[in-house]
Amino acid sequence: MAQAMNGAAASSSGRILVTGANGYVGCAFCTRARGTGMPVRECLRLPRVNYLGGDVSATAVGAVDGDTRWTLALEGCEVVLHLAARVHVMDESAADPLSEFRRVNVEGTLNLARQAAAAGVRRFIFVSSVKVNGEGTDAERPFTAQQAPAPLDPYGISKMEAEQGLRQIARETGMEVVIVRPPLVYGPGVKANFAALMRAVQRGLPLPLGAVTRNRRSLVALDNLVDLLITCIDHPAAANQTFLVSDGEDLSTTDLLRRMAQAMNAPARLLPVPPALLKLGAGLIGKGDMAQRLLGSLQVDISHTRETLGWTPPISVDEGLRRAAAGMVKV
């Protein structure tokens, strides 16, 4: 098997089942894995329409919940990379969000894990979220993989409960479980708030964020996250571990926007509005959560990941931003 980007060997002889294979991380992982010769089985909710004919190498399982049948998808698989999830949404419409998150992220994950263990799967890699740790950090006190979880929203709670259930299944069955908690993932095709910021910078719009210099945010480039996941497939020290991941360099909001602008060869028009005033204004219009993401800190300590796996993020923040910029539609 080919090597990961940073040189970590990947030698699994069995097929790798990738759930959520058509998602943002799933697509990037499958492209990378296939390019290095890894035997990947893509798993989707719905059958893929193949207008060109031939084998699309994908298995459809329907809705992911506690009743999903995974028998065919798991056949011949040695490793499961579980990416399928009900993701954090900004405009929640469910009457009981926690129940909906639990149905997919807890019941769906543990149902798959139990069937995987029964099918003889050796290792189950679960992509969780830094939201299991919490929503923000104090200065000089980044999140670590070892600290007690403190999720605050239904998405984070569901991911925490899934992690707890997976650890129990690992103890009961002997199947190895690897948990990876990424912060915000960015790269080509990134969407939501990060994409909106990039478009604003690309258009040269003035942004009132030129004085947000004291916060620090950890991000992870899509290629760095994929590289870590590939490393976790076979690395013997990854078994039954929880890993935080980032680019290894934390940025203030002001610095991030300036480096976005540099990546796009665009001007950074940043107005030095005091953060306290921005926070007050955001609170008055009901945008306190958005203010926290722009003004607050969220740092992760990846020293455990580095030391346990001998892993280093293969690309820098600046290269990650260049790749994200190159994947944008020009406006």
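The values are calculated or read from the model by the stated rules, or taken from the named source; none is laboratory data. Bear in mind that the values here come from a model prediction, so they are computed numbers and not experimental data. Ideal geometry is used to build each Cβ from the backbone, glycine not excepted, and the neighbour counts take in all protein chains shown.
Give the residues of the stretch 245-264 that are outside any helix (DSSP H, G or I) and touching a helix residue (DSSP H, G or I) at 6+ places or on another chain (Cβ under 6 Å), sorted by residue number.
Hits for the stretch 245-264 are Val245, Asp247, Glu249, Met264.
Mind listing just one residue for me: the one in the stretch 108-121 that is of a type in the set (A, V, I, L, M, F, W, C) and in a loop (DSSP other than H, G, I, E, B) and, of those, surrounded by the most Cβ atoms within 10 Å (Cβ to Cβ)?
Val121
With the requirement that a residue be touching a Ser or Thr at 6+ places or on another chain (Cβ under 7 Å) and not in a helix (DSSP H, G or I), what does the stretch 222-244 give you?
Scanning the stretch 222-244 gives Gln241, Phe243, Leu244.
Could you tell me whether any residue of the stretch 167-186 is in contact with a Leu (Cβ under 6 Å, 6 or more places away or on another chain) and assigned to a helix (DSSP H, G or I)?
Looking through the stretch 167-186, none of the residues is in contact with a Leu (Cβ under 6 Å, 6 or more places away or on another chain) and assigned to a helix (DSSP H, G or I).
Would you tally the residues in the stretch 220-243 being over 23 Å from Gly189 (Cα atoms), touching a residue at least 60 places away in the same chain (Cβ under 8 Å) and not charged (D, E, K, R)?
So the answer is 11.
Looking at the stretch 107-124, is at least one residue in contact with a Pro (Cβ under 7 Å, 6 or more places away or on another chain) and not polar (S, T, N, Q)?
No; the residues of the stretch 107-124 include none that is in contact with a Pro (Cβ under 7 Å, 6 or more places away or on another chain) and not polar (S, T, N, Q).
For the subset of the stretch 142-164 comprising residues that are surrounded by 16 or more Cβ atoms within 10 Å (Cβ to Cβ) and hydroxyl-bearing (Ser, Thr, Tyr), which member is farthest from Ser218 (Cα to Cα)?
Selected residue: Ser158.
Take Ala139 and tell me if it is crowded, with 17+ Cβ neighbours inside 10 Å and among the aliphatic types (A, V, I, L, M).
For Ala139, the condition - crowded, with 17+ Cβ neighbours inside 10 Å and among the aliphatic types (A, V, I, L, M) - is not met.
Scan the stretch 122-151 residue by residue and report those that are more than 19 Å from the chain's Cα centre (by Cα), over 23 Å from Phe29 (Cα atoms) and assigned to a loop (DSSP other than H, G, I, E, B).
Selection gives Ala139, Glu140, Gln147, Ala148.
Taking the condition at negative phi, touching a Lys or Arg at 6+ places or on another chain (Cβ under 7 Å), modelled with pLDDT of 70 or more and charged (D, E, K, R), does Arg15 pass?
yes
Kindly evaluate Val61 against the criterion of being surrounded by 14 or more Cβ atoms within 10 Å (Cβ to Cβ), over 21 Å from the mean Cα position of the chain (by Cα) and modelled with pLDDT of 80 or more.
Yes: the conditions hold for Val61.
Condition first: small (Gly, Ala, Ser) and surrounded by fewer than 15 Cβ atoms within 10 Å (Cβ to Cβ). Now tell me which residues in the stretch 278-315 satisfy that.
Residues satisfying the conditions are Gly281, Gly283, Gly286, Gly288, Ser303, Gly310.
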